[in-house]
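The values are calculated or read from the model by the stated rules, or taken from the named source; none is laboratory data. Because the structure is a prediction, the values reported are computed rather than measured. Every residue, glycine as well, gets a Cβ built from its backbone with ideal geometry; the counts of neighbours run over all protein chains shown.
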Amino acid sequence: MPDIADTHKNGLKLQSVSVTIGNSRILSQISLDLDPGQLVALIGPSGAGKSTLMRCILGLKSPSRGSITFNAKPPSQAGPLGYVPQHDQLHQHLTVERELDYAAQLRLPNDSQDQRQQIIQDILQKVDLTERKNLKINKLSGGQRKRVSLALELLTNPELLILDEPTSGLDPNLESKMMHFFAQLTEKKRTIIVATHAMESIMLCDQVVMLMQGHLIFSGSPQKTLDHFQQNEFVDIFKALDKHPVSHWSKQWPPSP
């Protein structure tokens, strides 16, 4: 039987994380626990601090105060973490398979060529690109290119994967398919954080984390988020936010016992 104390160490934990640049407070006292195996929506108005928070979680920026751990380790020691940027950074004239092979040689230098090929084929199947592996990336649709970017990060089998606006520019039907796909990738206790402005598929997520002007103003299930802000649709939450300053919303979180 696993040690109960050890199970509480798993997942992503932020304790009183603040980021100050000059005289500006970008993040203010963010405390958050995310369990393994969750699909998490990171949402908030423009300028909420989502990008800064993602950079801190990935270990690309150190908080001015507070701490971040993933599976009880700081990000720099937590093993491979995956990040899919908003804008695809791909070699447009390589085929899908060649792009993955090129990245695999860099990211998996201790694996043999046969081992890397097996990993690549497994990932191609997982992201449903096997039939397109010989196509050049510039011949793919926007959704297919996004899946190539995701496949690159899956090469190292990260337990934490962060996607920045992965459905930006996609039509609602494709956006829904992508969010369903992300939900499937939480298998084997992988935590996936999706920073998004698309509200259509938020209900597919296990948890919603909402920021406003650097403050955490809510964290909970999608339905609890709607209940907390007394709205029926997520798009209406953003309209409600405009009616009060961030100090009002910060006082509502965490709710009283």
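Numbers for the structure displayed
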item	result
Residue match in the range 206-220 (condition: within 16 Å of the chain's Cα centre (by Cα), in contact (Cβ under 8 Å) with a residue 24 or more places away in the chain and part of a helix (DSSP H, G or I))	no
Options GLU175, GLU153; residue that is in a helix (DSSP H, G or I), within 22 Å of ILE68 (Cα to Cα) and not basic (Lys, Arg)	GLU153
Matching entry among GLN77, GLN86, GLN15, GLN29 (being under 30 Å from GLU131 (Cα atoms) and polar (S, T, N, Q))	GLN86
Index of the failed condition, LEU108 passing every other in (1) of a type outside the set (D, E, K, R); (2) out of contact with any Ser or Thr (no Cβ under 8 Å at 6 or more places or on another chain); (3) not assigned by TED's automatic domain parsing to the domain that holds VAL194	(2)
Within the range 57-78, considering residues that are part of a helix (DSSP H, G or I) and without any contact (Cβ under 8 Å) to a residue 40 or more places away in the chain, the one nearest to HIS244 (Cα to Cα)	PRO75
In the range 225-257, residue modelled with the lowest pLDDT [restricted to those that are exposed (fewer than 14 other Cβ atoms within 10 Å of the Cβ) and of a type in the set (S, T, N, Q)]	SER256
Qualifying positions in the range 20-44 - surrounded by fewer than 16 Cβ atoms within 10 Å (Cβ to Cβ) and hydrophobic (A, V, I, L, M, F, W, C)	ILE21
The listed residue being touching a Cys at 6+ places or on another chain (Cβ under 7 Å) and either surrounded by 19 or more Cβ atoms within 10 Å (Cβ to Cβ) or not aromatic (Phe, Trp, Tyr) (or both), out of VAL96, VAL84, VAL17	VAL17
The range 45-56 - residue that is in contact (Cβ under 8 Å) with a residue 12 or more places away in the chain and of a type outside the set (A, V, I, L, M) and, of those, surrounded by the fewest Cβ atoms within 10 Å (Cβ to Cβ)	GLY47
When residues of the range 178-198 are limited to those that are surrounded by 16 or more Cβ atoms within 10 Å (Cβ to Cβ) and out of contact with any strand residue (DSSP E or B) (no Cβ under 7 Å at 6 or more places or on another chain), the one nearest to GLY44 (Cα to Cα)	ALA198
